[in-house]
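**Student:** Sharing a structure, written as structure tokens. Questions coming.
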Amino acid sequence: MKDSFDIDWSKMRRRWVSYFDLPGFSRIVTERRWSEIIDIYSRCLEVFTRRENRFPKIEHAWFSDTFLLYADDDSPPSFTDIEHVSRWFVNDLRRANVPVRGAMSCAEFLGDKSNQIFLGKALVEAHKYGERYNWLGFVVCPSAQARMNEIGLPPDERLNYRKRDAELKRIKELAYETESAVAYLIGASAPEGGPKSFH
């Protein structure tokens, strides 16, 4: 067992980060045959890495049903790249009838692939907002909204985003509540007739 990690702390910086997960994936792991599970997972990985040669500055990481994209920094060009790859991932999985939800943030993040260490405020926020709504879609976190406004690319309909009333997940016996979320328009709900999670 490794006693210490030779961490390159220069990799801890403010970056664009996108987090995704597959709703209902835990259930299929316990209920379906391994061949079905691997088939679904293989399709997800193929879609996830499809454009990595075209966007070499966007890093990929995945474990179980969690998929991460992160940029080198918080610059406008990095935003353009990660936003494109994130939207395509959502769209391609929806076309393949694979449910997905996620969120994009912009804050401090350590992406150390050599040690498989991924942590920071950006990941915590993206996970929080990616998981909090009872829907399928792609949400822009407050940190990303603030940075998008700073660089002159506000999250509005020119970029295919709009504020939507989003149903919060039920917590214990509390009734559903809603709040306004900035979400990608096309990816903000399940495809017509498609699944709301894996069945």
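**Student:** Just one of the numbered conditions (1) more than 17 Å from Arg14 (Cα to Cα); (2) in contact with a strand residue (DSSP E or B) (Cβ under 9 Å, 6 or more places away or on another chain); (3) of a type in the set (Phe, Trp, Tyr) is not true of Phe79; which one?
**Tutor:** (1)
**Student:** Take the residues in the stretch 81-100 that are surrounded by 18 or more Cβ atoms within 10 Å (Cβ to Cβ) and basic (Lys, Arg); name whichever of them is modelled with the lowest pLDDT.
**Tutor:** Top of the filtered list is Arg94.
**Student:** Counting just the residues of the stretch 143-161 that are touching a residue at least 24 places away in the same chain (Cβ under 8 Å) and of a type in the set (D, E, K, R), which one comes out nearest to Lys121 (Cα to Cα)?
**Tutor:** Arg147
**Student:** Do we have any residue at all in the stretch 39-50 that's in a strand (DSSP E or B) and either within 19 Å of Gly111 (Cβ to Cβ) or of a type in the set (Lys, Arg) (or both)?
**Tutor:** For the stretch 39-50, residues in a strand (DSSP E or B) and either within 19 Å of Gly111 (Cβ to Cβ) or of a type in the set (Lys, Arg) (or both): absent.
**Student:** Continuing with this model, one more query. Sort through Ser35, Ser10, Ser26 and tell me the only one that's part of a helix (DSSP H, G or I) and either within 16 Å of the chain's Cα centre (by Cα) or under 17 Å from Leu119 (Cβ atoms) (or both).
**Tutor:** Only one candidate qualifies: Ser10.
**Student:** Follow-up. Name every residue in the stretch 40-52 that is more than 17 Å from the chain's Cα centre (by Cα) and modelled with pLDDT of 85 or more, in order of residue number.
**Tutor:** Ser42
**Student:** When only residues in the stretch 63-75 that are within 15 Å of Val29 (Cβ to Cβ) and surrounded by fewer than 17 Cβ atoms within 10 Å (Cβ to Cβ) count, which is modelled with the highest pLDDT?
**Tutor:** Phe63
**Student:** Further question on the same structure: Going through the stretch 104-136 one residue at a time, which ones are in contact with a Phe, Trp or Tyr (Cβ under 6 Å, 6 or more places away or on another chain), at pLDDT below 95 and either assigned to a strand (DSSP E or B) or hydroxyl-bearing (Ser, Thr, Tyr) (or both)?
**Tutor:** Within the stretch 104-136, Gly111 is the sole residue that qualifies.
**Student:** Tell me which residues, restricted to the stretch 137-188, are modelled with pLDDT under 75, under 18 Å from Arg87 (Cα atoms) and either out of contact with any Phe, Trp or Tyr (no Cβ under 7 Å at 6 or more places or on another chain) or surrounded by 19 or more Cβ atoms within 10 Å (Cβ to Cβ) (or both).
**Tutor:** Selection gives Tyr184, Ile186, Gly187, Ala188.
**Student:** Pairs please, first residue from the stretch 105-126 and closer than 15 Å to Phe63 by Cα and touching a residue at least 40 places away in the same chain (Cβ under 8 Å), second anywhere and surrounded by 15 or more Cβ atoms within 10 Å (Cβ to Cβ) and basic (Lys, Arg), Cβ atoms under 7 Å, 6+ apart in sequence or on different chains.
**Tutor:** Gly111/Lys11; Asp112/Lys11
**Student:** Surrounded by 19 or more Cβ atoms within 10 Å (Cβ to Cβ), charged (D, E, K, R), more than 18 Å from Arg13 (Cα to Cα) and out of contact with any Leu (no Cβ under 7 Å at 6 or more places or on another chain) - does that describe any residue in the stretch 101-118?
**Tutor:** Checked against the condition, which is being surrounded by 19 or more Cβ atoms within 10 Å (Cβ to Cβ), charged (D, E, K, R), more than 18 Å from Arg13 (Cα to Cα) and out of contact with any Leu (no Cβ under 7 Å at 6 or more places or on another chain), the stretch 101-118 yields no hits at all.
The values are calculated or read from the model by the stated rules, or taken from the named source; none is laboratory data. It should be emphasised that the depicted structure is a prediction, and the values quoted were computed from it without experimental measurement. Note that each Cβ is placed from the backbone with ideal geometry, even for glycine, and that neighbours are counted across all protein chains shown.
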